[in-house]
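Written out below as structure tokens is the structure these notes cover.
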Amino acid sequence: EYLVRVKKFMKDHVYPAEAEVLKHQLGTSRWSVPKVIEDLKTKAKAEGLWNLWVPADLDPGCKLGAGLTNEEYAALAEVMGAVPFASEVFNCGAPDTGNMEVLLKYGSAEQKALYLTPLLDGTIRSCFAMTEPAVASSDATNITASINRRGDSYVVNGRKWWTSGALDPRCKICIVMGKTDTSAAKHQQQSMVLVPMPSDGLDILRPLTVFGYDDAPHGHAEVLFKDVTVPASHLILGEGRGFEIAQGRLGPGRIHHCMRLIGMCERALALHCKRALG
């Protein structure tokens, strides 16, 4: 049922909006959010095509999403992937889905109230800061950013990059992975903390490009954290639990990404075939 409905919404509303979104992205206000995307979000929400990514096991009674399994949602992600901005229209866009899943699984009641609720409502967006320019961050044991306890606060220092979504004007929260105890066991040194955006000491240095594209207004940023101080209550799950959280986040997220890319590849192939036959 949801697959049919998403396909129809894409045909009736998303594909017709592509030209307007592209025009905005090529214009002078390209780092602002196109109004048409916010309008489409309102339509999708009204039709019940909202937060379709929320896994059934984390949503008893289907109060937040559609009660789909990750396997069932994968087919929807494939359809959405044909248009780069489509996932956001259904509040199924990265990195928000992964960040929301972190808060659903591991967040405290306070953290959920502050950040999960507006993310689920689609009124704010988020980013995830793990990768660093100075080390091979594909092995997250290499990261050097620090998250140090100081009284009732944590102080964050480090340089991150490829922080997708940090440039979006609606981005209000960043999940940062850093080390709280360099003397602990190798996979228990890391923790994750919620850093509001903007925050004193948090500087977005520049947008990065992929094959020459900066993906405005979403963007992939290089970010500097210099003595950024947040309440101790913003630490997720506890010190040394960063790897545990990362695995819980990345498992479903990889399926989402892969299926979206398959959808994009299928559309590209279809366009190639149409051109060859035309």
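Can you find even one residue in the range 32-54 that is of a type in the set (Asp, Glu), under 23 Å from residue 165 (Cβ atoms), out of contact with any strand residue (DSSP E or B) (no Cβ under 7 Å at 6 or more places or on another chain) and modelled with pLDDT of 95 or more? Yes, the conditions are met somewhere in the range 32-54. Going by what's in this entry, would residue 54 be described as in contact with a helix residue (DSSP H, G or I) (Cβ under 7 Å, 6 or more places away or on another chain) and closer than 21 Å to residue 259 by Cα? In short, no.
Residues are listed down the side, and each one gets a yes or a no for (1) of a type outside the set (Phe, Trp, Tyr); (2) open to solvent by less than 60 Å² (accessible area, probe 1.4 Å); (3) in a loop (DSSP other than H, G, I, E, B):
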{"residue": "4", "(1), (2), (3)": "yes, no, no"}
{"residue": "22", "(1), (2), (3)": "yes, no, no"}
{"residue": "32", "(1), (2), (3)": "yes, yes, yes"}
{"residue": "50", "(1), (2), (3)": "no, yes, yes"}
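Inspection of the range 76-96 finds a residue satisfying the criterion of being buried (at least 21 other Cβ atoms within 10 Å of the Cβ) and of a type in the set (S, T, N, Q). Scanning the range 222-256 for residues that are in a helix (DSSP H, G or I) and not hydrophobic (A, V, I, L, M, F, W, C) turns up 233, 234, 242, 244, 247, 248, 249, 251, 252, 253, 254, 256.
Selection within the range 200-221: residues that are part of a loop (DSSP other than H, G, I, E, B) and loosely packed, with under 15 Cβ neighbours inside 10 Å. The member of this set that is nearest to the chain's Cα centre (by Cα) is 209. Which one of these does residue 160 not meet: (1) touching a strand residue (DSSP E or B) at 6+ places or on another chain (Cβ under 6 Å); (2) open to solvent by 50 Å² or more (accessible area, probe 1.4 Å)? Against the list (1) touching a strand residue (DSSP E or B) at 6+ places or on another chain (Cβ under 6 Å); (2) open to solvent by 50 Å² or more (accessible area, probe 1.4 Å), residue 160 comes up short only on (2).
The values are calculated or read from the model by the stated rules, or taken from the named source; none is laboratory data. The shown structure was predicted, so the numbers you read here are calculated from the model rather than taken from an experiment. Ideal geometry is used to build each Cβ from the backbone, glycine not excepted, and the neighbour counts take in all protein chains shown. Ligands, DNA and RNA are excluded from the accessible area calculation, which covers all protein heavy atoms including side chains. Shrake-Rupley method; radii C 1.70, N 1.55, O 1.52, S 1.80 Å.
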